[in-house]
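K.L.:
Attaching a single structure in structure tokens format; questions to follow.
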Amino acid sequence: MDYRYVKAFILTARNSSFSKAAEELKIAQSAVSRQIKLLEESVGEELIIRSSKKVLLTQKGKELYIAAQHFDQLSSDIFEKEDNREIRVGILQGLLKNWFNPILLKFYKKYNRNITIEVGGQHDLRKGLENGLYDLIFTTENIQSDLISSLKLFDEKLILVSKEEVNRKKLSDYRWIVYSNEDNLFKLSKKTSSQIIKVESISTIENLVRNNVGIAILPEHVLKKSENLVVQDVSQLDKSEIYMATLSYKTMPAHINELVDVVKKSLQSS
């Protein structure tokens, strides 16, 4: 299997575009298409479904892309003398708002590397890691598989937040401000409120509660100590655990390990 063909496949899959892959490789688009065709012939499987509008991977193509990404990163660690690759992070918004910021400050006191951070939900973060969009993710899901391994970081305390006192037995009487349809308010109350605001922004949820628009369940660490809000424990909910997940490398690539090391040391000092 010619590595040039694998590289052409990786870049085409990553960009969902033959033309963008050709630009990165500095070759003609027809050459990229030909190399992938030769790769498909060598493995005896169709890897890409070609259309005039977009590039789609077959199931075998998706599996090969994940494995090829891993191989490409390990090859770069071996052969690149200067490793200037960025770290791609996927994270839940509540963690980015507060917990992750001190981690970044500690990281940049020691390293000078570009980082791209994207906020997503649990499902999207996992798929992103599996599909090679992220180098590591921070999530509440403990993912343990042949492909991915997770390290528990800490327990996240959840609290019921409101501007005024709330009758816990009649939560459905209040307007709910939720992050998604899987929000913990749905688990806490047997009856669903008829008034629901769904917004994918922890900061906006917090602001709406502060202005007495409704109630919400938030991680304790996103609130400032000076917040003039009514806070109630929700111990009856399952505790939320925070994990850091990466692909199951035998040897962690150096650029990813830099951030992993800072996260681990931050936990030890907290």
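Only the coordinates and a few stated rules stand behind these numbers; no lab work does. All of these numbers come straight from a predicted model, not from anything done at the bench. Here the Cβ is made from the backbone with ideal geometry for all residues, glycine too, and neighbour counts use every protein chain on show.
K.L.:
To the nearest 20 debye, what is the magnitude of the charge dipole of segment 3-79 about its Cα centre, counting +1 on the Cβ of each Lys and Arg and -1 on the Cβ of each Asp and Glu? Provide the component values of the computation, followed by the final result.
P.N.:
Values: 12 positive and 9 negative charges, 69 e Å.
For segment 3-79, the charge dipole is close to 340 debye.
K.L.:
Restricting to the chain, what percent of DSSP beta bridges are antiparallel, rounded to 5? If you can, show how the numbers build up before the last one.
P.N.:
Numbers: 23 of 35 bridges.
Antiparallel bridges: around 65 percent, rounded to the nearest 5.
K.L.:
Contour minus end-to-end for residue 250 and residue 232, with contour as 0.36 nm per residue of separation and end-to-end as the Cα-Cα distance? Show your work: numbers first, answer last.
P.N.:
Numbers: separation 18, 0.36 × 18 = 6.48 nm, distance 4.39 nm.
Between residue 250 and residue 232, full extension yields an extra 2.1 nm.
K.L.:
If you don't mind, another one. Can you check what the net charge comes to around residue 41, using other residues whose Cβ is under 12 Å from the Cβ of residue 41 (Lys, Arg +1; Asp, Glu -1)? Before the final figure, lay out the partial values.
P.N.:
On the way: positive: 34, 37; negative: 2, 40, 45, 46.
Once all neighbours under 12 Å are counted, the net charge is -2.
K.L.:
Give the dimensionless ratio obtained when the Cα radius of gyration of segment 158-233 is divided by 2.2 N^0.38 Å. Don't jump to the answer; show the numbers that get you there.
P.N.:
Values: Rg = 11.1 Å, N = 76, 2.2 N^0.38 = 11.4 Å.
Output field value: 0.97.
K.L.:
Still on this structure: If you take the charge dipole of the chain about its Cα centre, with +1 on Lys and Arg Cβ and -1 on Asp and Glu Cβ, which of 117, 205, 12 is farthest toward its positive end?
P.N.:
205
K.L.:
For segment 181-270, which semi-axes, largest first and in whole Å, follow from the square roots of 5 times the eigenvalues of its Cα gyration tensor? Walk me through the numbers before you get to the answer.
P.N.:
On the way: eigenvalues 228, 57, 36 Å².
Equivalent-ellipsoid dimensions as semi-axes: 34, 17, 13 Å.
K.L.:
Pop a pseudo-label 7 angstrom from the Cα along the beta-carbon direction at both residue 41 and residue 180 and give the gap in nm to one decimal.
P.N.:
Roughly 4.4 nm, to one decimal.
K.L.:
Let me ask you something else. Rg and Dmax of segment 93-177, using alpha carbons, in Å: what are they?
P.N.:
In order Rg, Dmax, the Cα atoms of segment 93-177 give 17.4, 52 Å.
K.L.:
Ok, one more. Angle, helix 3-15 long axis vs. longest principal axis of the chain, Cα atoms, 0 to 90°, nearest 10?
P.N.:
Taking the Cα atoms of the chain, the angle to 3-15 is about 30 degrees.
K.L.:
OK, next. Put a dot 7 Å past each Cα toward the Cβ at residue 155 and residue 199; how far apart are the dots in nm?
P.N.:
Rounded to a tenth, the inter-label distance reads 3.1 nm.
K.L.:
Now a separate question. For residue 115 and residue 142, FRET efficiency with R0 = 30 Å and r from the beta-carbon atoms, rounded to 0.05?
P.N.:
For R0 = 30 Å, the calculated efficiency reads 0.80.
K.L.:
Quick check: convex hull of the Cα atoms in segment 3-79, volume per residue, rounded to a whole Å³?
P.N.:
Working: hull volume 6.4 nm³, N = 77.
Cα convex hull per residue, to the nearest whole number: 83 Å³.
K.L.:
Only residues of segment 98-117 count here: report those whose backbone N is under 11 Å from the spot 7 Å along Cα→Cβ of residue 84, or say none.
P.N.:
What the label zone holds, given the 11 Å backbone N cut-off, is 114.
K.L.:
Here is a follow-up. What is the angle, in °, between the Cα long axis of helix 59-79 and the longest principal axis of the Cα atoms in the chain? Nearest 10 is fine, range 0 to 90.
P.N.:
80 degrees
K.L.:
DSSP beta bridges in segment 28-141, what fraction antiparallel, as a percent rounded to 5?
P.N.:
Values: 3 of 11 bridges.
Expressed as a percentage, antiparallel bridges in segment 28-141 total about 25.
K.L.:
Let me ask another. Taking the Cα of residue 106, stepping 7 Å toward and past its beta carbon, and measuring to each backbone N in segment 237-270: which are under 12 Å?
P.N.:
Zone members listed by number: 259-270.
K.L.:
Still on this structure: Report the net charge of residues surrounding residue 60, where surrounding means a beta-carbon distance below 9 angstrom and charges are Lys +1, Arg +1, Asp -1, Glu -1.
P.N.:
Details: positive: 62; negative: 45, 46, 63.
Within the 9 Å Cβ shell, the charges total -2.
K.L.:
Considering only segment 158-233, what is the antiparallel percent among its DSSP beta bridges, to the nearest 5? Walk me through the numbers before you get to the answer.
P.N.:
Details: 8 of 12 bridges.
Counting DSSP beta bridges with both partners in segment 158-233, the antiparallel share is about 65 percent.
K.L.:
Calculate, in whole percent, how much of the Cα-Cα pair population of the chain lies beyond 33 Å. Write out the running numbers ahead of the final one.
P.N.:
On the way: 13240 of 36315 pairs.
Tail fraction, whole percent: 36.
K.L.:
Specify which residue in the list 142, 176, 91 is farthest towards the positive end of the charge dipole of the chain, using unit charges on the beta carbon of Lys, Arg (+1) and Asp, Glu (-1), about the Cα centre.
P.N.:
Going by the Cα projections, it comes out as 176.
K.L.:
Which FRET efficiency value, to the nearest 0.05, do you get for residue 207 and residue 26 by plugging their Cβ-Cβ distance into 1/(1 + (r/R0)^6) with R0 = 51 Å? If you can, show how the numbers build up before the last one.
P.N.:
Working: r = 48 Å, r/R0 = 0.94.
For residue 207 and residue 26, the calculated efficiency is 0.60.
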